[in-house]
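Comments concern the structure below.
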Amino acid sequence: VSTGWPQLDRLLYGGFSRGELNIFAGGSGSGKSLVMMNIALNWLQQGLSGVYITLELSEELTSLRTDAMLTQMSTKDIRKDIDTTTMKVMLVGKKSGQYRVKALPAQSNINDIRSYIKEVQIQTEIKVDFLMIDYLDLLMPVSAKVSPNDLFVKDKYVSEEIRNLAMETQCITVTASQLNRSAVEEIEFDHSHISGGLSKIMTADN
């Protein structure tokens with residue numbers, strides 16, 4: 001499935017595939033959430049429907065940023081002129097897929113996400129095509145009791161559980177991960193700079 005960005009599609013041999021785990025890694029404030037929101041909007045405009053799970057930002061802020069991208073208005077203008085925003089969002093919505101933004105508390109697990117997807121599908125009867133999880137590091141595993149301080153093991157289980165959910169639901173699944181402290185001074189990054197390290201990389205498809 002095309003990401004909507006030709007340069008990224010070329011690197012991915014056409015785009016992301018259903019049932020795979022795709023991870024964007026970056027430092028704090030580097031724009032991981034904005035990248036995921038933009039890709040979600042590209043997919044909505046392709047007619048796909050999806051769910052954006054936020055474990056970090058509030059539902060209101062995530063939705064506000066999404067509306068700003070959708071309407072090409074600043075976040076200040078959206079709040080000043082709700083009527084214009086509503087009209088623009090509704091016009092775009094007529095040609096787009098369905099979209100739900102859900103905030104879950106940090107330390108939630110994959111079963112919480114699975115339950116929410118089922119709830120959306122039952123209540124709205126929409127088929128969820130894509131799942132964005134913002135972001136992997138804030139989830140806890142279900143399959144094993146692990147100390148939150150043991151990042152390698154925790155992230156190994158969480159990555160595998162997200163990938164299993166992607167395969168089970170056949171959703172296009174995208175999440176994000178922080179870089180560790182050693183990346184702060186770096187200009188170029190490799191797997192050693194990803195928080196939790198190889199455990200995520202070995203599980204992720206991209």
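The mean sequence separation of alpha-carbon pairs under 8 Å and at least six residues apart, normalised by the residue count of the range 50-118, gives a relative contact order of 53 percent. Membrane-span-like helices in the chain, defined here as complete DSSP H runs extending at least 27 Å along the helix axis by their C-alpha atoms with mean Kyte-Doolittle hydropathy no lower than -1.0, are absent; this is a sequence and geometry rule, not a statement about a membrane. Taking other residues whose beta carbon is less than 15 angstrom from the beta carbon of SER33, and scoring Lys, Arg as +1 and Asp, Glu as -1, yields -3. Sorting MET37, MET69 by accessible area puts them as MET69, MET37; the probe is 1.4 Å, largest comes first, and only protein heavy atoms count. The magnitude of the dipole of the range 1-142, with charges of +1 and -1 set on the Cβ of Lys/Arg and Asp/Glu and taken from the Cα centre, is near 280 debye.
With every protein chain kept in the model, how would you rank ASP77, ASP67, ASP155 by accessible area, 1.4 Å probe, largest at the top? Show your work: numbers first, answer last.
On the way: ASP77 70, ASP67 45, ASP155 0 Å².
These residues rank, largest area first, as ASP77, ASP67, ASP155.
Placing a label point 7 Å from the Cα of ALA144 along the Cα-to-Cβ direction, the residues of the range 154-178 with a backbone N closer than 19 Å are 154-165. Taking chymotrypsin sites (Phe, Trp or Tyr not before Pro) across the range 1-93, the ones in a DSSP loop with at most 10 further Cβ atoms lying within 10 angstrom of their Cβ are TYR13.
In this view, the solvent-accessible surface of VAL146, computed with a 1.4 Å probe and all protein chains in place, comes to about 30 Å². Considering only LEU165, LEU11, LEU64, the Gaussian network model of the chain with Cα springs below 10 Å gives its largest mean-square fluctuation to LEU11.
Given R0 = 22 Å, the distance between the Cβ atoms of GLU59 and GLU125 translates into a calculated FRET efficiency of 0.50. A straight chain from TYR13 to LYS95 at 0.36 nm per residue would run longer than the Cα-Cα distance by 26.8 nm. Within the chain, the longest run free of exposed loop sites, counting trypsin sites (Lys or Arg not before Pro) that sit outside DSSP helix and strand states (H, G, I, E, B) and have at most 12 other Cβ atoms within 10 Å, spans 1-94. Pairs of lysines in the chain whose Cα atoms sit within less than 19 Å of one another amount to 14, provided the residues are eight or more positions apart or on different chains. In percent, rounded to a whole number, the relative contact order of the range 9-162 is 29, using alpha-carbon pairs under 8 Å and six or more apart. Volume per residue of the convex hull around the Cα atoms, evaluated for the range 1-89, comes out as 122 Å³.
Computed from the alpha carbon atoms alone, the convex hull of the chain holds 128 Å³ per residue.
Can you put GLU119, GLU161 in order of accessible area, largest first, using a 1.4 Å probe?
Output order, biggest surface exposure first: GLU119, GLU161.
The convex hull defined by the C-alpha atoms of the range 69-115 has an orientation-averaged projected area of 4.8 nm².
The values are calculated or read from the model by the stated rules, or taken from the named source; none is laboratory data. Worth saying up front: this structure is predicted, and the values here are computed from it rather than measured. Positions of Cβ are generated from backbone atoms using ideal geometry, with glycine treated the same way; all protein chains shown enter the neighbour counts. These accessible areas exclude ligands, DNA and RNA; they are computed on the full protein's heavy atoms, side chains included. Shrake-Rupley method; radii C 1.70, N 1.55, O 1.52, S 1.80 Å.
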